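Participant: Following this message is one structure expressed as structure tokens.
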Amino acid sequence: MHSENLFTNSSQRENNAPLADKLRPKNLKDFFGQQSILNENSLLRSAILNDKISNFIFFGPPGVGKTTLIEIISFNTRSKLIKLNAVLSSLKELRNEIANAKERLINSKRKTILFIDEVHRFTSVQQDALLPSIENGTITFIGATTENPFFAVNKALVSRSRIFTLLPLAENDLKKIIQKVITHYSKQKDSKKVHLTHDAISHLIKFSGGDSRTLINALEMAIETTTENDAKEININLSIAEDAIQKKNIVYDKNGQNHYDIISAFIKSIRGSDPDATLFWLANMLECGEDPNFIFRRLLISATEDIGIADPNAIVVVQSCCDAFDRVGFPEGFYFLTQASLYLAISPKSNSTKSIFKAIETIKNSNAFEVPRHLKNNSNSYVNPHNYPGNWVAQEYLPKSLRGLKIWEPNNNGWEKIKYEEMLRRKEN
């Protein structure tokens, strides 16, 4: 009776699990996306399939497959997989699991993989506690984080781990997931025939933001709450998709003008130093429900593409406003969007950052070149500018074959103009 209850409870938990968990892939064949790190010849794929897992950190936004990869690893390894959540696990629990791993290795020669979800939330003490057991091979460490590990994770832990970056899922991968959901419902005991309009599919993909969990959860809600028609079919249209994902399809005017035209007008108004037009197009986007994160992304690009080093502080202002918006939200968040937009509109302009593309083109078109002898590591002929007045001394820094090459094309505006003129005066003296 006792074991029957356990089985029943386990079955109930599985039935009550969100659809995203039910559809979680159990092998790499069913895993969608991340081909940059999981292609046929990749190190990670080979490590998983051959049970050669080493210390890894999976870094990426929510819903891109970090936890799913852990599940796939658990199906392909002889090691004992222990899962801890950094938010819920104490230092005592961590040390207990490390002690258990040591005992397991001694008694049964079985290795332990310790997976820490949200590892960036571990304290420094907890992260430090992992290091000795990683160093001596007691555990194999795998961490998952939505924060850049180079900033959010202990440097010693990062140096002992191979970092894999997971990206938001592409449109084709999200379409496959939608089809997987439809197939899942068609194979249930109480099967359902689900149809989505083209607009509904496009809307769900657009506003899922490359997050498979968001997409599946929205589609599950749409299917479960939509009544079948007389033909026993569930038809998901744009209106239902909007309601399910709680994002409205943006239409900016009576003619249904595409939002890319509006954002283009917005950025071009900033580039043209017209604050009135900038505010007009910003208000247009806000009134129609444009995603503030989309606007801030374009502002960050403009801060370097259109203002650049004419005002190096521009990108700092935009990023600060973006961070403030994340903390405050609407409606006060209007102020932050406005401040960032106006700052860029009235700033001096420079597009000299595009000089990097000329540099790249130069590299592509150049024959092999050698680093000048005085610039090589541990060179005795290097002249240190810090030893001269003004921290500058005449010295050649380009390869011999490229001497005299001009790549940077400075603009005659703002801070950039001041610094460029200073540079010219130094060279003249």
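Each reported figure results from applying straightforward, stated rules to the coordinates on display, with no laboratory input. Small disclaimer: the values here were computed from a predicted structure and weren't measured. A quick note on method: Cβ atoms are made from the backbone with ideal geometry, for glycine too, and the neighbour counts reach across all protein chains shown.
Participant: Given the -39500 (n - 2.57) contribution per DSSP H run of 4+ residues, what per-residue ellipticity at 222 nm results for the chain, rounded to the nearest 500 deg cm²/dmol?
Facilitator: -15500 deg cm²/dmol
Participant: For the chain, give the magnitude of the charge dipole about the Cα centre (Cβ charges: +1 Lys/Arg, -1 Asp/Glu; no others), in debye to the nearest 20.
Facilitator: In debye, rounded to 20, the chain gives about 2020.
Participant: Then there is this: Could you order the peptides 33-42, 65-74, 374-383, 170-179 from most to least packed, using the average number of other C-beta atoms within 10 Å per residue? Don't skip to the end; give the middle numbers.
Facilitator: Details: 33-42: 14.8, 65-74: 21.1, 374-383: 10.4, 170-179: 16.8.
Averaged packing, sorted descending, gives the order 65-74, 170-179, 33-42, 374-383.
Participant: Let me ask something additional. Apply the Karplus parameterisation 6.51 cos²θ - 1.76 cosθ + 1.60, with θ equal to phi minus 60°, to every residue of segment 344-350 and state each ³J(HN,Hα) to the nearest whole Hz, in sequence, with x for glycine and proline.
Facilitator: 5, 4, 9, 7, x, 10, 7
Participant: On to the next question. Å³ per residue of the Cα convex hull, for segment 196-328?
Facilitator: Per-residue hull volume (Cα only) is 134 Å³.
Participant: Run the quick spin-label model on residue 221 and residue 277: label points 7 Å from Cα toward the beta carbon, then report their separation in nm to one decimal.
Facilitator: That separation, rounded to one decimal, is 3.9 nm.
Participant: For residue 26 and residue 391 in the same chain, what is the full-extension length gain: residue separation times 0.36 nm, less their Cα-Cα distance, in nm?
Facilitator: On the way: separation 365, 0.36 × 365 = 131.40 nm, distance 5.99 nm.
Separation in residues times 0.36 nm, less the Cα-Cα distance, equals 125.4 nm.
Participant: Quick one: which of 187/232; 22/193; 26/192; 83/175; 406/427 span more than 22 angstrom between C-alpha atoms?
Facilitator: Among 187/232; 22/193; 26/192; 83/175; 406/427, the Cα-Cα distance tops 22 Å for 26/192; 83/175.
Participant: Past 20 Å, Cα to Cα: identify those pairs from 364/417; 111/155; 29/52; 29/176, in the order given.
Facilitator: Pairs exceeding the cut-off: 364/417; 111/155.
Participant: Rounded, prolate or oblate: pick one for segment 259-346, where a ≥ b ≥ c are the square roots of the eigenvalues of its C-alpha gyration tensor, a/c under 1.5 means rounded, and failing that, prolate if a/b is larger than b/c, else oblate.
Facilitator: oblate
Participant: Rounded, prolate or oblate for segment 1-155? Axes are the square roots of the Cα gyration tensor eigenvalues, ordered a ≥ b ≥ c, and the cut-off for rounded is a/c under 1.5.
Facilitator: rounded
Participant: Between residue 409 and residue 198, what is the label-point separation in nm under the 7 Å Cα-to-beta-carbon projection?
Facilitator: It works out to 4.1 nm between the two label points.
Participant: Something else: So if R0 is 41 Å, what FRET efficiency would residue 332 and residue 35 give, r being the distance between their Cβ atoms, rounded to the nearest 0.05?
Facilitator: 0.50
Participant: Compute the Cα gyration tensor for the chain, then decide on rounded, prolate or oblate, letting a ≥ b ≥ c be the square roots of its eigenvalues: rounded whenever a/c is under 1.5, prolate when a/b is larger than b/c in the other cases, and oblate in all that remain.
Facilitator: Taking the square roots of the gyration eigenvalues as a ≥ b ≥ c, the chain is oblate.
Participant: So, one more: Answer with one residue from 165, 387, 25: the one whose Cα lies farthest towards the positive end of the charge dipole of the chain, charges on Cβ with Lys, Arg +1 and Asp, Glu -1.
Facilitator: So the residue furthest toward the plus end is 387.
Participant: Straight-line reach only, C-alpha to C-alpha below 12 angstrom: list the aspartates and glutamates that residue 180 could link to, leaving out same-chain residues fewer than 8 apart.
Facilitator: The reachable aspartates and glutamates, counting only those whose Cα sits under 12 Å from residue 180, are 30, 220.
Participant: Give the calculated FRET efficiency between residue 353 and residue 83 to the nearest 0.05, with a Förster radius of 45 Å applied to their Cβ-Cβ distance. Intermediate values should be presented prior to the final figure.
Facilitator: Details: r = 44 Å, r/R0 = 0.98.
After rounding to 0.05, the efficiency reads 0.55.
Participant: With only Lys, Arg, Asp and Glu charged, each at its Cβ (+1 for the first two, -1 for the last two), find how big the charge dipole of segment 87-219 is about the Cα centre; round to the nearest 20 debye.
Facilitator: Magnitude of the dipole: close to 560 debye.
Participant: As I understand it, the dipole of the chain uses +1 on the Cβ of Lys and Arg and -1 on the Cβ of Asp and Glu, about the Cα centre. Which of 74, 266, 328 lies farthest toward its positive end?
Facilitator: Toward the positive end, the furthest listed residue is 74.
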